[in-house]
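Down below is the structure, laid out as structure tokens.
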Amino acid sequence: MFDHYVKHSRTTILFVMMLGAFIVMSIFLPDKFLSLSNFQSIASQIPEFGFLAIAIMLAMLTGGIDLSIISTANLAGVGAALILTRQLGDYGEAYIIFLAIISAIGISLLCGFINGLLIAYIKVPAILATLGTMSIFSGIAIVITKGYGIQGFPEKFLYIGSGTLFAVPMPMVIFIVCILLMSLILNRTSFGFNLYMLGSNPTAARFSGINNRGILIRTYVLSGLCAGLASIIMISRVNSIRPGYGSAYLLQAILVCVLGGVDPSGGYGNISGLVMGIIVLQILQSGFNILSFSPFFKNVVWGLMLIIVMILNFYSSRYTQKVRSKLKVE
Amino acid sequence: MTGTMSKSQIQKIFSQNEAYLSLIIVAYSILVTSLNPSFLSFENLLDLGKSSASMGIMAIGVFIVLLSGGIDMSFTAIAISGQYIAANVLIASGVDNIYFAFLISCIVGLGLGAINGLIISYFKIPTFIVTLGTLNVFHGILLTVVGTKAVNSAQLPDCFKKFGATNVFALVKPEGGSYGLSIFTVIFIAIALLTWFILTYTQLGRGIYAIGGDMEAAKRAGLNIFNIQFFIYCYVGILAGIAGVLHVSLIRYSNPTYLVGSELSVIAPVVLGGTRITGGSGTIIGTLLGVAMITLLNKSLILIGLSSFWQEFFTGIIVAISVSLSSYQIRKNMMI
């Protein structure tokens, strides 16, 4: 009963924050913030970044972290770009696009699988395993491209990143479908249930017959897949790929997870909180862009926010414990 | 379960680790020398010692943090902040004194390290998240408030250049010119000795091992966790400040965007040196060997005919393999 209340109060706080950010922006920057083009640009930026945030969230739910998502996205993007620019052979356009998407997804699944093997079977702490693979994946991308960018993809491929479906940007359509699927996986399948169990207490999970290794591997493969999807949208939106592209997203993705109520020590967090966190961040981001803040100053704000949210969480969990022990006494 | 392992057993495993690493270093040096005979000269070795000092000092800081069971991502931002602020203050004040530069850089390092230490020890937030946040805050504030313009070689106060060229003893080359043991190497070794002393002979040092081994047990044994953690991050900050000054004295150029982003290349030698990744055990000798190995590798990639594009890939491979081996060893020991 009480847990139910805590869970909902958290979602309410987030919702109020989202509304607050929206109202503040609308009052102070009415003509620039409240414009259709601004909302469209927000809507087209949310997905690539949202997929990366989901990737981090999945790892965090198991009590780990996946620092290699940006590198996975880069490597998958480089693979797709090589095919799209016909550097690996000339075929029909439709076939090339199909092949590029398949290979981006394949590469990202493989990257996730490698992370999963290191973490589940060799039992390397997730943070160090993915720190290492982060360097490996982006190292491969750098060696392949020699540090240069690849650009100029077929017209039809660009539709994924910049086309619209009934006035909704295409990336947004893909993203909405994926978050619906993802919340279905997390809330309605045994895999999702086991994932939360593993995150809150791995030992208890193992003794209740959950295959921890299998769950961990599948989690990191899924996290890699999200990075791959982000990469397809990303390279299609900017029509190019360069190793190191999107490295600023790592801090923001971790921030969004923490803001959205995901517990970095595992077991707690849901998609709806994450999505609200993404929207809050994106509203602020667009405000900063209108005010033309420098990227360094944005990083200061994101870094501060990350620490402040964690400090607030520290106090709120302390408060919750106090109330809970009081309830027990009564 | 690891607690039941006797101390001699732990020492055996790690002296084994260090022996393997030394063997690999020797074998690799022989390989590179056979490809390029100029590699294994006394001059080149002294030069390697000089150029690895700045990275090595930061690695000692990372070593202590890993030992205590945490991780630090912000030390590069602290090092560049110390360096860039020191260079700018020296230019602005007109004082051309290297001790003053060290003083400023260390004060900046101590201050920023103390912020890390306070947040980590008081609020008990995961160290990775705190230091990822402060990495961006420190670096962002440096670039926003202090500036983004690089201090070039002509503007840089002479004391840095003079310090960078200081040798403890000098030898004359047969074909003219001289080389010698740089003061950088001496500072590096002095810091390594000091850290070894703190870790081995002070209660504080034993406390660092203890909280890395088992935080809860250390708390129940009556150790002051707050003080120990606070000390660790302050110490790392000071080391980063020293490394920052060495770095600018070596390259004679202070760019506030340098160093940040190279965290993994400093973490790599520490995990390669056998520091247990979950905390509690590891030796400073291992870290020094790790620094030697990574420096060798970075310096020799071009000599053995691979482009510098491979550097990041190799760093990643080394980290992945050494953390895997370390985790495998821990598991094997737990089964016994």
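Can B:A170 be described as of a type in the set (G, A, S) and more than 28 Å from B:Y99 (Cα to Cα)? Spelling it out, it is not the case that B:A170 is of a type in the set (G, A, S) and more than 28 Å from B:Y99 (Cα to Cα). Against the numbered list (1) in contact (Cβ under 8 Å) with a residue 60 or more places away in the chain; (2) surrounded by 13 or more Cβ atoms within 10 Å (Cβ to Cβ); (3) not aliphatic (A, V, I, L, M), B:R206 comes up short only at (1).
Of the listed requirements (1) within 13 Å of chain B (Cβ to nearest Cβ); (2) crowded, with 23+ Cβ neighbours inside 10 Å, A:L84 misses just one: (1). Taking the numbered list (1) under 30 Å from B:F100 (Cα atoms); (2) free of Cβ contacts under 8 Å to residues at least 24 places away in the same chain in turn, B:R252 passes all entries but (2).
On the stretch given as region A:69-86, residues that are closer than 21 Å to A:F137 by Cβ and without any contact (Cβ under 8 Å) to a residue 40 or more places away in the chain total 2.
Among residues of region B:49-67 that are surrounded by fewer than 24 Cβ atoms within 10 Å (Cβ to Cβ), those with a Cβ under 8 angstrom from a residue that is among the charged types (D, E, K, R), sequence gap 6+ or separate chain, pair up as B:S51/B:K299.
Has region A:132-141 got any residue that is away from every other protein chain (no Cβ under 14 Å), of a type outside the set (S, T, Y) and either in a helix (DSSP H, G or I) or surrounded by fewer than 18 Cβ atoms within 10 Å (Cβ to Cβ) (or both)? No. Of all residues assigned to region B:215-228, none qualifies as being touching a Leu at 6+ places or on another chain (Cβ under 6 Å) and either in a helix (DSSP H, G or I) or buried (at least 20 other Cβ atoms within 10 Å of the Cβ) (or both). Yes or no: region B:135-145 includes at least one residue that is at pLDDT 90 or above, loosely packed, with under 12 Cβ neighbours inside 10 Å and not in a strand (DSSP E or B). So far as region B:135-145 goes, yes, one or more of its residues are at pLDDT 90 or above, loosely packed, with under 12 Cβ neighbours inside 10 Å and not in a strand (DSSP E or B). Is it the case that region A:146-161 has a residue that's over 17 Å from A:M60 (Cα atoms), of a type outside the set (D, E), within 14 Å of chain B (Cβ to nearest Cβ) and assigned to a helix (DSSP H, G or I)? The answer is no, given that none of the residues of region A:146-161 is over 17 Å from A:M60 (Cα atoms), of a type outside the set (D, E), within 14 Å of chain B (Cβ to nearest Cβ) and assigned to a helix (DSSP H, G or I). All conditions but one from (1) surrounded by fewer than 24 Cβ atoms within 10 Å (Cβ to Cβ); (2) without any contact (Cβ under 8 Å) to a residue 60 or more places away in the chain; (3) within 23 Å of A:W302 (Cα to Cα) apply to B:A92; the one that does not is (3). Looking only at region A:259-286, residues that are closer than 21 Å to A:N187 by Cβ and either of a type in the set (A, V, I, L, M) or free of Cβ contacts under 8 Å to residues at least 12 places away in the same chain (or both) come to 8 in all. Which one is surrounded by the fewest Cβ atoms within 10 Å (Cβ to Cβ), of the residues in region A:54-81 that are touching a Cys at 6+ places or on another chain (Cβ under 6 Å) and aliphatic (A, V, I, L, M)? Checking each candidate, the answer is A:M60. Note on region B:271-310: residues that are of a type in the set (V, I, T) and within 13 Å of chain A (Cβ to nearest Cβ) amount to 5.
Looking at (1) within 14 Å of another protein chain (Cβ to nearest Cβ); (2) surrounded by 13 or more Cβ atoms within 10 Å (Cβ to Cβ); (3) not hydrophobic (A, V, I, L, M, F, W, C), which is the only condition A:S265 fails? A:S265 satisfies every listed condition except (2). Among all positions in region A:113-125, there is no residue which is over 25 Å from A:N212 (Cβ atoms), small (G, A, S) and either surrounded by 18 or more Cβ atoms within 10 Å (Cβ to Cβ) or facing chain B (nearest Cβ under 9 Å) (or both). For region A:268-278, filtered to residues that are at negative phi and in a loop (DSSP other than H, G, I, E, B), the residue that is nearest to the other protein chains (Cβ to nearest Cβ) is A:Y268.
Against the condition in a loop (DSSP other than H, G, I, E, B), under 20 Å from A:I46 (Cα atoms) and within 14 Å of chain B (Cβ to nearest Cβ), how does A:F293 come out, does it pass? Criteria met by A:F293.
Screening B:Q83 with (1) in contact (Cβ under 8 Å) with a residue 12 or more places away in the chain; (2) within 29 Å of B:G280 (Cα to Cα) gives one miss only, at (2).
When region A:273-330 is limited to residues that are under 24 Å from A:T12 (Cβ atoms) and among the charged types (D, E, K, R), the one that is surrounded by the most Cβ atoms within 10 Å (Cβ to Cβ) turns out to be A:R324.
Taking B:Y179 as the residue in question, decide whether it is in contact with a Lys or Arg (Cβ under 9 Å, 6 or more places away or on another chain), surrounded by fewer than 21 Cβ atoms within 10 Å (Cβ to Cβ) and farther than 17 Å from B:V62 by Cα. Criteria met by B:Y179.
Taking region A:97-109 as the range and being farther than 22 Å from A:F137 by Cα and without any contact (Cβ under 8 Å) to a residue 60 or more places away in the chain as the test, only A:F98 passes.
Taking the condition of being among the hydrophobic types (A, V, I, L, M, F, W, C), more than 9 Å from chain A (Cβ to nearest Cβ) and in contact (Cβ under 8 Å) with a residue 12 or more places away in the chain, how many residues in region B:125-166 meet it? The number of residues fulfilling the criteria is 7.
The values are calculated or read from the model by the stated rules, or taken from the named source; none is laboratory data. The structure presented is a predicted model; accordingly, all values stated were derived computationally and were not measured. Please note: Cβ atoms are built from the backbone with ideal geometry, for glycine as well, and neighbour counts cover all protein chains shown.
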